[in-house]
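Trainee: Input: one structure, supplied below.
The values are calculated or read from the model by the stated rules, or taken from the named source; none is laboratory data. What you are looking at is a predicted structure, and each value in this text was computed from that prediction instead of being measured. With ideal geometry, Cβ positions are generated from the backbone for all residues, glycine too; neighbour counts draw on all protein chains shown. Accessible surface areas use protein heavy atoms only, side chains included; no ligands, DNA or RNA. Shrake-Rupley method; radii C 1.70, N 1.55, O 1.52, S 1.80 Å.
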Amino acid sequence: MTRYHLIFLSSFAIFIFFLTPNINTGDGGELATASYFLGTAHPSAYPLYLMLGKAFTFMPFGNIAFKVAVMSAACSALSLTLIFWLVLELTTETAAAIFSVTMLLVSYSYFTQSLLVKFYQLNLLLILLIFALWARRLSARREVVDDDATVLLTFFSFGLITANHHTGIIMLGPVAAAWLLLRKDSLSVKTMLHGLVLFLSGFIINIYLLVRGRHDNFFNAVVVDNFHDFYQVITRQSYKQSGTIDAVAGSFGNLAGFWYGFRNFLSVLISNFSIFSCLLFFTGCIFLVRKNYRLFIFLLFAILLYGPFLAKLTLGAATIPEISFYLGAHQYFLPAIALFAVVIGCGFNQIFLWLKASGLRLVPKIMPFIAVFPLVFLVSRATDSNFRTDFVPYQYAKDIYSILPADSVILTYGDNASYQGWYLKLAGRYREDVCQISSGSQSYIHWTLQGCNRKIYSGVFPAFFSQKFTAMVPDMLRDRFYGTDPVKNDSAYDSYMNSGIFSLDYLYYPKDKYLDNAAVTKKEISNFLLRRRLIADKLLNDNGCLTHLTDDLFTRQICSAYVVHLTNMAMQYSGSGYESTGKTVELNVRDTKTGYLQPLYTIAVTERNKPYLLRSTAIQEFNNWKIFYQR
Amino acid sequence: MLQHIRRAATILLCMLAVIIFRLSLDQWQGYQDAMKSLHEGDYKNAVTYFDHTLNAHIPFSPLEKKAKEQLLALASKYDNEGEPEMALLCYETIRTSRYLTRHLFVPDSKDIPFLDNKIASIKAGLLVKDGIVRNFSEGYYQQMGIMNKDHSPSVLWSVIFVASFLAYLGFIVLWIFKRKPVYIYILCLAFIGWLTGLYLA
């Protein structure tokens, strides 16, 4: 076994230990489901990730989401091995290379993304591969025998990147810079033609979308029936200004955004590596300038593009809400963070050289210990990014189904309910009597039917496929229509439906104008909710909200849904029929999924509702901490 | 070449060992917690922890077998006590854990017909109680009709597609470094295999 194998295997083992046991929040459920069914994910649909994910699902160990997450761990471990090789090539000092690896491994962003069903680690691996190829070529210390291979592999990798995450394309900038810096190298027409063919060989993987994205495929998050759809999906047109083309076109507008982006990126770096890393970064820069100024320019350019420039596009505002910070800072900057780790490894080596030159004999002996010292911070990661303990997304998806009566329809909103619901319902075939329809927003009436395939359910729920609300009313009056969010006052549904707080879900029922006898119906619904809530209370399990060791924002949001259930149970048991303790309590629960503040109630504390109140408080307190970047 | 293959196989085996170790730990922890909850009479938590054990699937694991048996016993207990929703939760938990851990085949697939029958019966009973269907058999056959449909991709074509896809990527990289014309023929074949598998899966 070589050092490279050891680095790969040891980092892989660490990631596997902390890996998510099942689905994670965000896109996890969607990507795992799409991988299994060979469907499409949200734009740009990520065909490369899904196909590789499918290969991992053949492994006869663990569940589908876990197996797909193993791919993230493997990509992360490979990336760390590449970093190790790169720093070793630059410094010839194993301790410096290990220092880079350990610093990167324990950094919050890198660590957390290595444990989840996400495509960012695959993206990083492709970017680092291109970077390593050109760094090798730029390296003055070593003769690169086969230059053509570097160019051709770069073309092929760019082709592959188009089938994964588009931020990989930014690497074109540093590669162009490297090519300019290698003035003596000129590309032959033959190499260029070969390169073009290889780029197309990578790009052609996107044909997956046309083959598997058809509307009649069993699972597709986006439908690709023709070349117009293909263009829309691959350029992410549905995201409007954030779409690939518009984002690139608008990247040099609003110059103030660069300052905010730089500032926010800096805060991400400091959060990940501490302020002391800046010192190592500057000494690393000194080392690299002395060693090979061309390589230094290449590296710095890549960091600037993947750091401040990308931050301008994603975090380029003066104030960033917690959710945007979490989404943006958490994943987009992985390439910049990885390259930053390369520089600080060089900085570590420079300090080592200075100390050695000053005659300190102990230095070579203690440097290996200092190199592995960052691993101490694994303790922090074990308490804020220990996804092995996070069963909340899986349990929540299960609970929103478990508590429903047979033959119900549930309307899920947003990624965390919809994507995780798809995974459980389609891949896990849980509660197949329930039909899941999904919506991105309540501002317009538009449902997608991934969890309610017409081939299966049109005979069971004919009314829901009729596209007429009046046809749905009888089913609604039989208490068979639910949603994961309440019907908001300003929603498009508001003219048709009301919602009643049930448990984790909300019962949807028609507006008075659709009812023959509104007063009687409302009383029946109220009785039904009281009765059904008791059953739900037996079925759902909020234990995960008190045992997960992650600061995952969405996990905490999901837990707030359990708090809503608990406070409703407390209200139900606060009446005069229960033994009062003589105390009252104010209930003020923010449903963070909707941003709505629940009405403020003052209820009597009874012996019966006290456990619910205590548990609700415990869950709120346990989940009341800021995300890593804002702590 | 042989040395490279041997080295790659060693690494792959080590990776599998790591994965199995992690899953064994999950199973053991899940099972211990479940048994503790069971002894304390906290059946809700017991179901959850047995579910964790089943989802950390390892072929031929005795703990997984025990977890399944415990869940079946719990389901039967709830069935007898007239708590159909809880019984349904237990049966559905076992069934879903089998589908979620499928690979080339569904583990313990011999249990699925039994579970389907139990689940359909419970749901039919609940549907009759709620007045959604006229009689038990209508509800039962409706539910069996839903559960009998499996829309998973074809395993054979999926394997062909994945193998061809990996071969396609691998031979492109090989061609870049070695430039042997035979690689071009192989990668063209792999591409055709990939596309065919993708279409037919």
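Trainee: Quick one: compute the contact order of chain B, relative version, from alpha carbon pairs under 8 angstrom and 6+ residues apart, as a percent.
Mentor: With pairs under 8 Å counted, the relative contact order is 12 percent.
Trainee: Then there is this: Given the Cα-Cα distance of A:ALA249 and A:TYR578 and 0.36 nm per residue of separation, how much length would full extension add, in nm?
Mentor: 112.0 nm
Trainee: Continuing with the same structure: Under 4.7 Å Cβ to Cβ, no partner at all: give me those cysteines from chain A, in residue order.
Mentor: A:CYS75, A:CYS278, A:CYS285, A:CYS346
Trainee: May I pose another question? Scan around A:ARG608 for amide H atoms under 5 Å from its own, H built in the peptide plane at 1.01 Å from N, and keep only partners 5 or more places away or cross-chain.
Mentor: A:GLU579
Trainee: Taking R0 as 56 Å, what's the FRET efficiency between A:MET1 and A:ILE207 from their Cβ-Cβ distance, rounded to 0.05?
Mentor: E between A:MET1 and A:ILE207, to the nearest 0.05, is 0.90.
Trainee: Note the angle between two axes, namely the Cα long axis of helix A:120-138 and the longest principal axis of the Cα atoms of chain A, as a number of degrees from 0 to 90, rounded to the nearest 10.
Mentor: Long axis of A:120-138 versus the principal axis of chain A: about 10 degrees.
Trainee: What residues qualify as long-range amide H neighbours of A:ASN498, i.e. H under 5 Å apart, gap of 5 or more or another chain, H built at 1.01 Å from N?
Mentor: A:TYR509, A:LYS511
Trainee: In nm, to one decimal, how far is the A:VAL376 label point from the B:PHE114 one, both placed 7 Å along Cα→Cβ?
Mentor: Roughly 5.5 nm, to one decimal.
Trainee: Next up: More than 13 Å apart: what percent of Cα pairs in the stretch B:154-201 qualify?
Mentor: In whole percent, the long-distance tail amounts to 49.
Trainee: Would you pull out the residues with amide H under 5 Å of A:VAL409's amide H, same chain only if 5 or more places away, H placed 1.01 Å from N?
Mentor: HN-HN under 5 Å from A:VAL409: A:CYS435, A:PHE481, A:TYR482.
Trainee: Using a Gaussian network model of chain B whose springs link C-alpha atoms within less than 10 Å, name the residue from B:PHE165, B:PHE177, B:PHE136 with the highest mean-square fluctuation.
Mentor: B:PHE177
Trainee: Continuing with the same structure: Tell me the carbon and sulfur percent of the accessible area for the stretch B:61-150, rounded to whole percent, probe radius 1.4 Å.
Mentor: 55
Trainee: Does the stretch A:300-422 come out rounded, prolate or oblate by the C-alpha gyration tensor, with a ≥ b ≥ c the root eigenvalues, rounded set by a/c under 1.5 and, if not, prolate when a/b is larger than b/c and oblate if not?
Mentor: oblate
Trainee: At 222 nm, what value in deg cm²/dmol follows for the protein assembly as shown if DSSP H runs of at least 4 each add -39500 (n - 2.57) and the sum is divided by all its residues, to the nearest 500?
Mentor: When only DSSP H runs of four or more count, the value is -20000 deg cm²/dmol.
Trainee: Here's another thing I want to ask about it. Using the Karplus curve 6.51 cos²θ - 1.76 cosθ + 1.60 with θ = phi - 60°, work out ³J(HN,Hα) for each residue of the stretch A:525-537 in order, rounded to whole Hz, and write x for Gly and Pro.
Mentor: Result, ordered by residue: 5, 4, 5, 4, 4, 4, 5, 5, 5, 5, 5, 4, 4 Hz.
Trainee: Assuming R0 = 25 Å, can you tell me the calculated FRET efficiency for the pair B:SER137 and A:VAL520, based on Cβ-Cβ distance, to the nearest 0.05?
Mentor: Efficiency, from the Cβ-Cβ distance: 0.20.
Trainee: Provide a list, ordered by number, of residues in the stretch A:147-174 showing at least 50 Å² less accessible area with every protein chain present than when their chain is taken on its own, using a 1.4 Å probe.
Mentor: A:LEU153, A:PHE156
Trainee: Interface size between chain A and chain B, please: total buried accessible area, 1.4 Å probe, rounded to the nearest 100 Å².
Mentor: So the total buried area for this chain pair works out to about 7000 Å².
Trainee: Return the residues of the stretch B:96-129 for which accessible area with all protein chains present is lower than in the chain on its own by 30 Å² or more; set the probe to 1.4 Å and exclude ligands, DNA and RNA.
Mentor: Those are B:THR96, B:TYR99, B:LEU100, B:ARG102, B:HIS103, B:LYS123, B:LEU127, which lose 30 Å² or more relative to the chain on its own.
Trainee: What is the helix-to-structure angle for A:553-572, meaning the angle in degrees between its Cα long axis and the longest Cα principal axis of chain A, kept from 0 to 90 and rounded to the nearest 10?
Mentor: Between the helix axis and the principal axis of chain A, the angle is about 20 degrees.
Trainee: Percent relative contact order of chain A, based on C-alpha pairs within less than 8 angstrom and at least six residues apart?
Mentor: Value for chain A: 15 percent.
Trainee: Would you mind telling me the share, in percent, of accessible area of the stretch B:154-201 contributed by carbon and sulfur at probe 1.4 angstrom?
Mentor: Using a 1.4 Å probe with all protein chains present, the stretch B:154-201 comes out at 80 percent carbon and sulfur.
Trainee: Let me ask something else about it. Tell me the per residue accessible area of the protein assembly as shown using a 1.4 Å probe; a whole number in Å² is fine.
Mentor: 40
Trainee: Using a loss threshold of 20 Å², tell me which positions in the stretch A:394-422 are less accessible in the complex than in their chain alone. Probe radius 1.4 Å, ligands and nucleic acids ignored.
Mentor: At a threshold of 20 Å² (probe 1.4 Å), the residues of the stretch A:394-422 that become less exposed are A:TYR394, A:GLN395, A:LYS398, A:ALA406, A:ASP407.
Trainee: Next up: Starting from the Cα gyration tensor of the stretch A:257-314, take the square roots of the eigenvalues, sort them a ≥ b ≥ c, and report rounded, prolate or oblate (rounded when a/c is under 1.5, otherwise prolate if a/b is larger than b/c, else oblate).
Mentor: Note, shape of the stretch A:257-314 comes out oblate.
Trainee: What does the accessible area of B:TYR31 come to, in Å² to the nearest 10, when a probe of 1.4 Å is used?
Mentor: 20
Trainee: May I ask for the net charge around B:PHE161, where only other residues with Cβ less than 12 Å from the Cβ of B:PHE161 are counted and Lys, Arg are +1 while Asp, Glu are -1?
Mentor: Local net charge: +2.
Trainee: Hey, another quick one. Mind computing the radius of gyration and Dmax over the alpha-carbon atoms of the stretch A:132-287? Å is fine for both.
Mentor: For the stretch A:132-287, the Cα radius of gyration and maximum Cα-Cα distance read 20.1, 59 Å.
Trainee: Can I ask one more? Rank B:VAL18, A:VAL87 by accessible area, highest first, at a 1.4 Å probe radius?
Mentor: B:VAL18, A:VAL87
Trainee: Which of these, B:ILE184, B:ILE58, B:ILE122, has the largest mean-square fluctuation under a Gaussian network model of chain B (Cα springs below 10 Å)?
Mentor: Looking only at B:ILE184, B:ILE58, B:ILE122, the biggest GNM fluctuation is shown by B:ILE184.
Trainee: Expressed in nm to one decimal, what extension gain is obtained for the pair B:LYS44 and B:ALA163 from 0.36 nm per residue of sequence separation less their Cα-Cα distance?
Mentor: 38.6 nm is the gain from fully extending B:LYS44 to B:ALA163.
Trainee: By the gyration tensor of its Cα atoms, with a ≥ b ≥ c the square roots of the eigenvalues, what is the shape of the stretch B:2-153: rounded for a/c under 1.5, prolate for a/b over b/c, or oblate?
Mentor: oblate
Trainee: If you roll a 1.4 angstrom probe over the protein chains with everything in place, what fraction of the accessible area of chain A belongs to carbon and sulfur, to the nearest %?
Mentor: 63
Trainee: Convert each backbone phi in the stretch B:169-179 into a coupling constant with the Karplus relation 6.51 cos²θ - 1.76 cosθ + 1.60 (shift: θ = phi - 60°), then list the ³J(HN,Hα) values in order as whole Hz, x for Gly and Pro.
Mentor: Per residue, the Karplus-derived 3J(HN,Hα) values read 5, x, 6, 5, 4, 4, 4, 4, 8, 9, 6 Hz.
Trainee: Here's a follow-up. In sequence order, what are the phi-derived ³J(HN,Hα) couplings for the stretch B:47-57 according to the Karplus relation 6.51 cos²θ - 1.76 cosθ + 1.60 with θ = phi - 60°, rounded to whole Hz, with x for glycine and proline?
Mentor: Each residue's phi maps through the Karplus curve to give 4, 4, 6, 5, 4, 4, 4, 5, 6, 8, 4 Hz.
Trainee: To the nearest whole percent, what portion of all C-alpha pairs in the protein assembly as shown is separated by more than 36 angstrom?
Mentor: Percent of Cα pairs beyond 36 Å in the protein assembly as shown: 48.
Trainee: Tell me which lysines have Cα within less than 20 Å of A:LYS610's Cα, excluding those fewer than 8 residues away on the same chain?
Mentor: A:LYS538, A:LYS583, B:LYS44
Trainee: Another question, then. Which residue, B:ASP116, B:ASP33, B:ASP150, tops the fluctuation ranking in a GNM of chain B built on C-alpha contacts under 10 Å?
Mentor: Maximum among the listed residues: B:ASP150.
Trainee: Where does each of A:PHE265, A:PHE258 land when they are ordered by accessible area, with a 1.4 Å probe and the largest first?
Mentor: Descending order: A:PHE258, A:PHE265.
Trainee: OK, next. Quick one: angle between helix A:276-291 and the longest Cα principal axis of chain A, in degrees between 0 and 90, rounded to 10, please.
Mentor: 30
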